[in-house]
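These notes are about the structure you will find just below.
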Amino acid sequence: MKLILAIMSNDDSPTVSSKLNKAGYQVTKLATTGGFLRAGNTTLICGCDDDKVDTAIDIIGKYSSKRTEIVPNTAGYDMSHFASFPLEVQVGGAVIFVLDVEQFYKV
């Protein structure tokens, strides 16, 4: 048995979660924060049999799209004047961890 931890954008998580559920996976959703932008994201937790891991990863990859966003950036000049200019960053996609599960209990 494996435990899948998939960290993705809040924008992608409803679709990914729904598609995993329709494919027969049970998913737990956690609100998390982190990454370069310190923005909110979602971590999905899913336990499954070893032979179902690849299908879950395919679903997560298909519905976690990478995209480019423009975000504000601030740089200091002369320690008293600040200029704000936009910064283009790539967001979206998913970071997936697959862990071995030694024991599983449902009580």
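Annotation note: of Leu30, Leu5, Leu20, the sole residue that is in contact (Cβ under 8 Å) with a residue 60 or more places away in the chain and either not in a helix (DSSP H, G or I) or not hydroxyl-bearing (Ser, Thr, Tyr) (or both) is Leu5.
Quick check: is even one residue across the stretch 60-67 more than 26 Å from Ser9 (Cβ to Cβ), at pLDDT below 95 and outside any strand (DSSP E or B)? No, every residue in the stretch 60-67 fails to be more than 26 Å from Ser9 (Cβ to Cβ), at pLDDT below 95 and outside any strand (DSSP E or B).
Take the residues of the stretch 49-59 that are outside any loop (DSSP other than H, G, I, E, B) and among the charged types (D, E, K, R): which is nearest to Lys19 (Cα to Cα)?
Asp58
Identify, please: which residue in the stretch 76-107 is more than 19 Å from Asn41 (Cα to Cα) and surrounded by 10 or more Cβ atoms within 10 Å (Cβ to Cβ) and is, among those, modelled with the lowest pLDDT? Step by step, filter the stretch 76-107, then rank; the result is Phe82.
Selection of the stretch 41-59 for residues being touching a residue at least 24 places away in the same chain (Cβ under 8 Å), under 21 Å from Pro14 (Cβ atoms) and of a type outside the set (Ser, Thr, Tyr) yields Asn41, Leu44, Ile45, Cys46, Gly47, Cys48, Ala56, Ile57, Ile59. Just checking, does the stretch 12-23 include any residue being over 15 Å from Phe97 (Cα atoms), surrounded by 12 or more Cβ atoms within 10 Å (Cβ to Cβ) and of a type in the set (Asp, Glu)? Yes, there is a match, as at least one residue in the stretch 12-23 is over 15 Å from Phe97 (Cα atoms), surrounded by 12 or more Cβ atoms within 10 Å (Cβ to Cβ) and of a type in the set (Asp, Glu).
The values are calculated or read from the model by the stated rules, or taken from the named source; none is laboratory data. Computed from a prediction, not measured in an experiment: that's the story for all the values here. Backbone-built Cβ (ideal geometry, glycine too); neighbour counts: all protein chains shown.
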